[in-house]
Amino acid sequence: MNPLDNHTIQCPYCGEWFEVVLDATMLGDEYIEDCQVCCRPILFFVTEASGELIVSVRTEND
């Protein structure tokens, strides 16, 4: 598995799609990154399945 992986996500606030770089060393961790479009804080959760990184995003209040 590559330690860095590009993913396209949809902002849970504004609905815009943008690309983020995920770090495989953060598996199981939650972290916050601002939306590149509306600048609101998105909560990221990174997991792994069958050798691929999976990212879930949500608002801070969910």
Neighbourhood net charge (12 Å Cβ-Cβ; Lys/Arg +1, Asp/Glu -1) for Thr25: -4
For Leu22, which sequence-distant residues (separation of 5 or more, or a different chain) have an amide H within less than 5 Å of its own amide H, given hydrogens modelled in the peptide plane? Asp5, Asn6, His7
Could you tell me which of Leu27, Val37, Thr8 has its Cα farthest along the dipole of the chain towards the positive end, charges placed at Cβ (Lys, Arg +1; Asp, Glu -1), taken about the Cα centre? Val37
Count charges around Tyr13 for me, please; just the other residues with Cβ under 15 Å from its Cβ, Lys/Arg as +1, Asp/Glu as -1. -3
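With Cβ to Cβ distances under 10 Å as the rule, what net charge do the other residues near Gln36 carry (K, R +1; D, E -1)?
Details: positive: none; negative: Glu16, Glu19, Glu33, Asp34.
Around Gln36, the surrounding residues sum to -4.
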Just to be sure I understand, if you calculate Cα Rg over 2.2 N^0.38 Å for this structure, which of (i) 1.41; (ii) 1.07; (iii) 1.35 do you get? (ii)
Quick one: putting +1 on the C-beta of Lys and Arg, -1 on the C-beta of Asp and Glu, what dipole do you get for the chain around its Cα centre, in Debye to the nearest 20? 140
Cysteines in the chain lacking a second Cys C-beta under 4.7 Å: Cys39
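Values in this text are rule-based calculations from the coordinates and carry no lab data. This one's a predicted model, so the numbers in the text were calculated from it and none came from an experiment. In this analysis, Cβ positions are derived from the backbone assuming ideal geometry, glycine residues included, and neighbour counts consider all displayed protein chains.
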